[in-house]
Amino acid sequence: QVQLVESGGGLVQTGGSLRLSCAASGIIFSANDMGWFRQAPGNARWLVATITSSYSTNYADSVKGRFTISRDNAKNTVYLQMNSLKPEDTAVYYCASRERIQWDYWGQGTQVTVSS
């Protein structure tokens with residue numbers, strides 16, 4: 001079955017960095033776009049960054065210049081490097097995959113907490 005497993009979350013101070021990883025199995029990873037989403041308490045889940053199967057990237061305005069999404073098809077893994085973290089980045093971060101338009105599969109999420 002399909003599994004997306006996130007890791008790398010934790011507690012960090014303002015200005016710090018974290019790298020999230022999402023290991024995928026059960027999908028043809030190289031054929032999938034991958035995305036990172038986040039959801040803070042009481043808020044909707046929204047898109048942080050995407051990387052297509054052809055390595056094109058896109059970012060939410062609030063993270064441009066601070067976050068970098070990348071993928072390693074040999075390891076079936078997508079990463080989110082997060083630098084200059086702010087308290088407002090605190091959320092549960094989810095990875096997701098899609099072959100076409102809709103996001104098909106989701107991970108269980110990893111908590112990122114940025115202290116001020």
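The values are calculated or read from the model by the stated rules, or taken from the named source; none is laboratory data. Computed from a predicted structure; not experimentally measured. Note: ideal-geometry Cβ built from the backbone for every residue, glycine included; neighbour counts use all protein chains shown. Side chains are part of the model used for accessible areas, which takes the heavy atoms of the whole protein and leaves out ligands, DNA and RNA. Shrake-Rupley method; radii C 1.70, N 1.55, O 1.52, S 1.80 Å.
The Cα-based radius of gyration and maximum Cα-Cα distance (Dmax) for the chain are 13.3, 40 Å.
With protein chains left intact and a 1.4 Å probe, residues in segment 7-101 average 49 Å² of accessible area per residue. Computed over protein heavy atoms with a 1.4 angstrom probe, the accessible surface ordering of Asp104, Asp61, Asp72, largest first, is Asp61, Asp104, Asp72.
Among residues other than Asp104 with Cβ under 14 Å from its Cβ, the summed charge is 0 (Lys and Arg +1, Asp and Glu -1).
At 1.4 Å probe size, with the rest of the protein present, what percent of the exposed accessible area of the chain is carbon and sulfur atoms?
Numbers: 2820 of 5990 Å².
After summing per-atom areas, the C and S share lands at 47 percent.
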